[in-house]
């Protein structure tokens, strides 16, 4: 089933009414708007735990909220569908939650203007990152080392370690799936051309921060599997 077709048909114009612009990628669907220098996100992605399900999350700064949190009659943290009709119903439900609850939720979250992350690809970070890799026995050629990174994110870690985790996660993904590093003025270092796709990019620092906000729901391994599955579908 072509989920993208229905998301673009049902959500794009509706979310545009609230100022959200659609960003299409190979593994998720993101809507972004910027108010007062602060970005707000509506992110939809396939569930790794349910065969036919999507999850929708609202994010602003370090705060996030799942659509299901606004629906008291739901148990699963995802939108489950079985066919075109039920997928449309779930997408309409996401629109309804967004209009009735999420817009007010965004208003309640107050954050300062986010500064861009440091360029941890710079030579001044080499010693710090290499020490981190050695101390934590990280193997950049082995995706299983992502589990070590996830365990570290469940603890209180320093700013330097956050950047080191971001670098290691990016390098492991790049080694396993292909791609090349680049630097974005707002999002910092990122990997582009993953699996040869110009539309598949990974922003490791952003995913690290998302995981730190919701460590019981998200993990770097979860995101890695999403990218790996998307890459496999391209082959």
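Just so it is clear, none of the values below were taken in a lab; they were calculated from the coordinates. The model shown is predicted, which means the values in this text are computed figures rather than measured ones. Cβ coordinates were reconstructed from backbone atoms using ideal geometry, including for glycine residues, and neighbour counts include every protein chain displayed.
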- request: Output the relative contact order of the range 3-108, whole-number percent, from Cα pairs under 8 angstrom with separation of 6+ residues.
  value: 19 percent
field: Most fluctuating residue given options 100, 60, 39, as computed from a GNM of the chain linking Cα atoms under 10 Å
entry: 100
field: Peptide ranges 168-181, 43-56 listed from the most packed, as the mean C-beta count within 10 angstrom indicates
entry: 168-181, 43-56
message: Rounding to the nearest 10 and keeping the result within 0 to 90°, find how far the Cα-based axis of helix 220-234 lies from the longest principal axis of the chain.
response: 70 degrees
- prompt: Under the Kirkwood approximation applied to all pairs of distinct alpha-carbon atoms, what is the hydrodynamic radius of the range 92-156 in Å?
  reply: 16.0 Å
field: Size-normalised alpha-carbon gyration radius of the chain, reference 2.2 N^0.38 Å
entry: 1.03
query: When you count, for each residue, the other Cβ atoms within 10 Å and take the mean per peptide, how do 202-210, 182-190 rank with the highest first?
result: 202-210, 182-190
task: Grab every C-alpha pair in the range 123-234, bin the distances at 5 angstrom width from 0 up to the longest one, and report whole percents.
output: 2, 12, 24, 26, 21, 11, 3, 0
query: Between the helical axis of 204-213 and the dominant principal axis of the chain, each derived from Cα atoms, what acute angle in degrees is found, rounded to the nearest 10?
result: 70 degrees
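Relative contact order, percent, of the chain when contacts are C-alpha pairs under 8 Å separated by at least 6 residues?
Relative contact order of the chain: 15 percent.
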